[in-house]
Each structure stands twice: as structure tokens, then as C-alpha cells.
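The values are calculated or read from the model by the stated rules, or taken from the named source; none is laboratory data. Values in this document were obtained by computation on a predicted structure and should not be read as measured data. With ideal geometry, Cβ positions are generated from the backbone for all residues, glycine too; neighbour counts draw on all protein chains shown.
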Amino acid sequence: MIRYQNLIFDLGNVLYAIDYALTDQAFIRLQAKYGIPAAQFPTPAAQPVMEAYEKGLIDTPTFRSQMRVALKLAEATDDELDEAWNALLLGMFPGRDSLMAKLKGKYRIVLLSNTNALHWDYLKDDFEPTAQHMHQLFVSFEMGARKPDRDIFDQLLQSTGFRPEETIFIDDTAMHLATAAQLGLHTHHMTGESAFRDFLLRIGA
């Protein structure tokens, strides 16, 4: 068994439950409310806006403005846009704070999450009991980069001093894990509660 020194956790669907389909459906309903023909979400026009926002390249008012243009929702209010955007956020998985408390004494633990200002403001209070057991929080909108870009991993490794061979990255997205593996990090694909139990067994926790 490899003796890891450092744990890098993703947030969405690893520590915090999310369902992208709920935001997809919320925006389609919002379009229907304003008489816009329903389209699959995200539309090609919305995708670069979302990515720029997740990298912190645009602020929240600009994000809302550009989403109105991309989705033809000129009349939608800020509250309506925010509610649809945050619809995917379901809450912390039970027991994650106690698990982090247990792991903290054995490992250095950090978060690496693709997120944005609106999502972060919505979930940060719910996440706080778990976050207090982590040594650092790395979030994409504060770093100017997002997974799977190599740059966000390079920034984390430089900031923490983690040695890749002593570090495992836990995420629910294969392309994110692929970048981490190319940098020499160990990886674990998290796909649900059973996967979390498997991970704990893997590290001997």
C-alpha cells in the first residue's frame, strides 16, 4: 500500500452533491417563461461565458449580462438567473466533515475545485465545517485557471510544495484525473458513496 502524505479533494460530487441536469432544466424553463424556444443547455454561446466565469476572468454582473445575451433572456432578472445557475447545488454529503477531521491528523488535505463566485457564495456556509479541516482551498475563479488545464495543478503544487509521488487527487471527472496523472500524481475516480468507501480502504483510513 502506498503511503500517501497529501490528499487533494475535488468538491462537486466528491464532498458536495450536485446535479448539472437541474441547472440545465432550470434555464430551459426560464427560456420558456420568456417565450424563447427551448434549447439544450448549455448552448454553444453560453459555454465560453461559463468557462470565463469559472476562471474568474469576468465578474458576476458581467456573467449575468453575457448569459442574457447568450440565452436571449434580456428580460430575466438577476434573481431568476442566479436561481437557475445555482439549481444544481444540492448540499454536502452527510458525514464529510467528520471524515475530514479523521483524515486531517494523518494527511495534508487541500481542496481543488472548479467553481465560481455565485456557486461559492451559495455553498460556502454549508461547506465551512468540512473546510475547517483542510489546510488550503484552491478554487478556479480565484486562480485564473480551471481543471483540466495543467496550470491550475502547477499552481497548487507550487503553493503547497506537495511532491506528486506522495499525493493523491480525488475527482469525479476522468479528464481532470488524466491531467493529474500526467503530472505524476496518484488519482482516484470518485463516483458515489461506494467509491468514497473504496478510497478510504485504498489509503488505509
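Here is a list of conditions, (1) out of contact with any Phe, Trp or Tyr (no Cβ under 6 Å at 6 or more places or on another chain); (2) touching a residue at least 12 places away in the same chain (Cβ under 8 Å); (3) loosely packed, with under 13 Cβ neighbours inside 10 Å, and Gly105 meets all of them except one; can you say which number that is?
(2)
Would you confirm, using the coordinates I've provided, whether Lys106 is farther than 29 Å from Pro44 by Cα, part of a helix (DSSP H, G or I) and of a type in the set (Lys, Arg)? Steps first, please.
Working: farther than 29 Å from Pro44 by Cα: yes; part of a helix (DSSP H, G or I): no; of a type in the set (Lys, Arg): yes.
So Lys106 does not fit the description; no.
Considering segment 1-49 alone, what residues qualify as being among the aliphatic types (A, V, I, L, M), crowded, with 16+ Cβ neighbours inside 10 Å and touching a helix residue (DSSP H, G or I) at 6+ places or on another chain (Cβ under 8 Å)?
If we filter segment 1-49 for residues that are among the aliphatic types (A, V, I, L, M), which is where we start, we get 1-2, 7-8, 11, 14-15, 17-18, 21-22, 26, 28, 30, 32, 36, 38-39, 45-46, 49.
Going one step further and asking which of them are crowded, with 16+ Cβ neighbours inside 10 Å, we end up with 7-8, 11, 14-15, 18, 26, 28, 30, 36, 46, 49.
Within segment 1-49, Leu7, Ile8, Leu11, Val14, Leu15, Ala26, Leu30, Ile36, Ala46, Val49 meet the criteria.
Just give me the residues in segment 17-41 being over 25 Å from Phe138 (Cα atoms) and outside any helix (DSSP H, G or I), in sequence order.
Within segment 17-41, Tyr34, Gly35, Ile36, Pro37, Ala38, Ala39, Gln40, Phe41 meet the criteria.
Met100 passes all but one of (1) assigned to a helix (DSSP H, G or I); (2) outside the structural domain of Glu165 (by TED's automatic domain parsing); (3) at pLDDT below 95; (4) under 21 Å from the mean Cα position of the chain (by Cα); which number fails?
In the conditions (1) assigned to a helix (DSSP H, G or I); (2) outside the structural domain of Glu165 (by TED's automatic domain parsing); (3) at pLDDT below 95; (4) under 21 Å from the mean Cα position of the chain (by Cα), Met100 misses (2) alone.
Of all residues in segment 127-152, how many are over 14 Å from the mean Cα position of the chain (by Cα) and buried (at least 21 other Cβ atoms within 10 Å of the Cβ)?
1
What do you reckon, is Asp59 at pLDDT 95 or above, over 21 Å from the mean Cα position of the chain (by Cα) and not assigned by TED's automatic domain parsing to the domain that holds Phe196? Even if it seems obvious, please write down each step before you answer.
Numbers: at pLDDT 95 or above: yes; over 21 Å from the mean Cα position of the chain (by Cα): no; not assigned by TED's automatic domain parsing to the domain that holds Phe196: yes.
Considered against the rule, which asks whether it is at pLDDT 95 or above, over 21 Å from the mean Cα position of the chain (by Cα) and not assigned by TED's automatic domain parsing to the domain that holds Phe196, Asp59 comes out as no.
Per-residue answers, yes or no, for (1) among the aromatic types (Phe, Trp, Tyr); (2) within 22 Å of Asp126 (Cβ to Cβ):
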{"site": "Glu54", "(1), (2)": "no, yes"}
{"site": "Ala74", "(1), (2)": "no, no"}
{"site": "Trp85", "(1), (2)": "yes, yes"}
{"site": "Leu90", "(1), (2)": "no, yes"}
{"site": "Asp97", "(1), (2)": "no, yes"}
{"site": "Met100", "(1), (2)": "no, yes"}
{"site": "Leu103", "(1), (2)": "no, yes"}
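Looking at (1) closer than 22 Å to Met134 by Cα; (2) in contact (Cβ under 8 Å) with a residue 12 or more places away in the chain, which is the only condition Leu57 fails?
Unmet for Leu57, out of (1) closer than 22 Å to Met134 by Cα; (2) in contact (Cβ under 8 Å) with a residue 12 or more places away in the chain: (1).
Filter segment 50-78 for residues that are hydroxyl-bearing (Ser, Thr, Tyr) and under 21 Å from Ser113 (Cα atoms); which is surrounded by the most Cβ atoms within 10 Å (Cβ to Cβ)? First the steps, then the outcome.
Looking only at segment 50-78, we keep the residues that are hydroxyl-bearing (Ser, Thr, Tyr), and these are 53, 60, 62, 65, 77.
Then drop every residue that is not under 21 Å from Ser113 (Cα atoms), which leaves 53, 60.
Values: Tyr53: 25, Thr60: 17.
Here the answer is Tyr53.
For Val14, only one of the following conditions fails: (1) in a helix (DSSP H, G or I); (2) at pLDDT below 95; (3) β-branched (Val, Ile, Thr). What is its number?
Only one criterion is unmet by Val14, namely (1).
Yes/no matrix, rows are residues, columns are (1) touching a residue at least 40 places away in the same chain (Cβ under 8 Å); (2) part of a helix (DSSP H, G or I); (3) not hydroxyl-bearing (Ser, Thr, Tyr):
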{"residue": "Lys124", "(1), (2), (3)": "no, yes, yes"}
{"residue": "Leu137", "(1), (2), (3)": "no, no, yes"}
{"residue": "Glu142", "(1), (2), (3)": "yes, yes, yes"}
{"residue": "Arg146", "(1), (2), (3)": "yes, no, yes"}
{"residue": "Gln158", "(1), (2), (3)": "no, yes, yes"}
{"residue": "Ala178", "(1), (2), (3)": "no, yes, yes"}
{"residue": "Gly184", "(1), (2), (3)": "no, no, yes"}
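For segment 79-97, which positions are surrounded by 13 or more Cβ atoms within 10 Å (Cβ to Cβ) and charged (D, E, K, R)?
Of segment 79-97, the ones surrounded by 13 or more Cβ atoms within 10 Å (Cβ to Cβ) are 80-90, 92-93, 96-97.
If the condition is that a residue be surrounded by 13 or more Cβ atoms within 10 Å (Cβ to Cβ) and charged (D, E, K, R), then Glu80, Asp82, Glu83, Arg96, Asp97 are the ones that fit.
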